[in-house]
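Just so you know, all these numbers are worked out from the coordinates, no wet-lab data involved. Small disclaimer: the values here were computed from a predicted structure and weren't measured. Heads up, the Cβs are rebuilt from the backbone with ideal geometry, glycines too, and the neighbour counts pull from every protein chain shown.
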Amino acid sequence: MKLDTEAHLNAVTRSVKPSEYNGGPARTVTLERPFDTPAQDLWGAVTNPERLARWFTPVSGDLRQGGHYKLEGNAGGTITDCDPPRFLAVTWEFGNGVSQVEVTITPGASDTASLKLSHVCPFDEFWQQFGPGAPGVGWDLGMLGLGLAIHLSDDAPDRLDEEAFAASPEGPAFINGSSEAWAVPPSTPAKTRRRRTPRPHARPRSIRAPATKPQADSSAAIPEPASLLSPRCLVLDTGRR
């Protein structure tokens, strides 16, 4: 399967802004992308356990507001807010780091919808060393840029073949293009730029753990994000796919 990496990268609007988290300084990394599917289906794609396992990774735990979740091989945390099919907020606990992820789904015209994902990260040593690309590139790969978009397309398999993607020209091009898109000052809203042809880049080992070193200064902590958890008891859409 050949991917138009430029089209996927340019479909996402990105921004990085100063914020607060748990009373301390933070940075909020935000990605937003429209999808040609109704809001209810988009909500099901990011909260239904069966669908999430098909395109990203299995989730387990007490999957309801106030409960704890665990993404297989990745982060865990608490489901702090859930308002189907509009809003979901969770703590994002990975290693020794704790941050906050919020997802907002907004209906559009003619059975379309947009998804906005905001990752609020402490402005700590990790952030100051690696910058916005640390969470941003991971979300581009696993969520808005590729994983979810492929799942929602009608002519593609649910999961991207990670090994084939890493070995293809598209894999390094996507990683490099995402890294360039996140190379912005910490408080600058930045729509995705139309980039020149990406330079060669080391092959990523996994789309969920990009082998990139984002620029220093400006964005959040928390390594390689996955996708959103699935509060099973709150899902209204059983999923049409």
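Assuming R0 = 45 Å, what is the FRET efficiency of A183 and D81, from their Cβ-Cβ distance, to the nearest 0.05? Walk me through the numbers before you get to the answer.
Values: r = 32 Å, r/R0 = 0.71.
The value I calculate is 0.90.
Fully extending the segment from D161 to K116, taken as 0.36 nm per residue of separation minus the present Cα-Cα distance, adds 13.7 nm. Relative to the globular-protein estimate of 2.2 N^0.38 Å, the Cα radius of gyration of the range 19-161 stands at 1.04.
Between rounded, prolate and oblate, where does the range 2-53 land on the alpha carbon gyration tensor, with a ≥ b ≥ c its root eigenvalues, rounded for a/c under 1.5, else prolate if a/b exceeds b/c? In terms of gyration-tensor shape, oblate. When each of the peptides 74-86, 14-26 is scored by the mean number of other C-beta atoms lying within 10 Å of its residues, the order from highest to lowest reads 74-86, 14-26.
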